[in-house]
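Q: One structure coming up, written as structure tokens, with questions to follow.
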Amino acid sequence: MTHNDLSDRRVLAIVTNYGVEQDELVVPVRELREAGAEVAVAATSAEPIRTLVSDKDPGVAVEPTLVLTDVDPAGYDLLLVPGGTLNADSLRLNDTALAIVRSFTTSGRPVAAICHGPWLLVEADVVRDRTLTSYPSVATDIRNAGGRWLDESVVRDDTGDFVLITSRNPGDIKDFLGQIETVLGR
């Protein structure tokens, strides 16, 4: 990632404490922090976040910055929703996570979701008439929720009330981060 100065930007990543795809959390957090952004990682509890690699192999443990119930979404410039099948499936059932998504989207702030992360956006009912990508198995859910799905490394949709950035998998992180940096660098 080519770093713009993001020192005045705040990013919120939301996850569960088990099952987030390691590189979809660790790499964006590291890269955005290196660019100067303040990145908070909010989890469902204060326990360490147990990441996975390819949804099955143990990954690194990550200490959350705060818990979801303590988040004030108004204090952040961008919402980051990492994937991981288990993470995304549990997160979309969490009322606090859904409220955080809706806070960002109704206030016009950007949302970036990767892999299975768009499941949370589907559940929050914010993909209707939007174009996005995801892990291929989520495509039908996106279409059923009124969205348009593309098989591209990154899709940026500026057509609605908020900027939506999505990617398919950890292999797309470079493109994903490039769009996040562009949006935050405005």
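Values quoted throughout were computed directly from the atomic coordinates according to the rules given, and no laboratory measurement underlies them. Only a predicted model underlies this, so the values are computations on that prediction, with no experimental measurement involved. Please note: Cβ atoms are built from the backbone with ideal geometry, for glycine as well, and neighbour counts cover all protein chains shown.
Q: Which ³J(HN,Hα) values in Hz, rounded to whole numbers, follow from the phi angles of the range 145-156 under the Karplus curve 6.51 cos²θ - 1.76 cosθ + 1.60, where θ = phi - 60° and Gly and Pro get x?
A: Those phi angles translate into 8, x, x, 10, 9, 10, 9, 9, 4, 8, 10, 10 Hz.
Q: Hey, if you drop one equal point scatterer on each alpha-carbon of the chain and run the Debye formula without solvent, what base-10 log of I(q)/I(0) do you get at q = 0.12, 0.14, 0.19 Å⁻¹?
A: -0.47, -0.65, -1.33
Q: Right, here's the next one. Taking the alpha-carbon centroid of each part, what is the distance from the range 4-54 to the range 156-186 in angstrom?
A: Using only Cα atoms to place each centre, the spacing works out to 15 Å.
Q: Along the Cα→Cβ direction, 7 angstrom out, place labels at Asn144 and Thr159. What is the inter-label distance in nm?
A: 2.2 nm
Q: Based on DSSP, what percent of beta bridges with both residues in the chain are antiparallel, to the nearest 5?
A: Antiparallel bridges make up about 30 percent of those DSSP assigns within the chain.
Q: Right, something else. Which of Asn17, Asn169, Asn144 moves most in a GNM of the chain, Cα contacts under 10 Å?
A: Per the Cα network of the chain with a 10 Å cutoff, Asn144 tops the list.
Q: If you wrap a convex hull around the alpha carbons of the range 117-186, what volume per residue comes out, as a whole number of Å³?
A: Expressed per residue, the convex hull around the Cα atoms of the range 117-186 is 76 Å³.
Q: Where the only charges are on Cβ atoms (+1 Lys, Arg; -1 Asp, Glu), what is the dipole of the range 105-186 about its Cα centre, to the nearest 20 debye?
A: With only Lys, Arg, Asp and Glu charged at Cβ, the dipole is about 60 debye.
Q: Check which residues have an amide H placed less than 5 Å from Val53's amide H, if you skip close sequence neighbours.
A: Gln22, Gly59
Q: Got a sec? Charge dipole of the chain, +1 on Cβ for Lys and Arg, -1 for Asp and Glu; which of Val122, Thr69, Gln22 is way out at the positive end?
A: Val122
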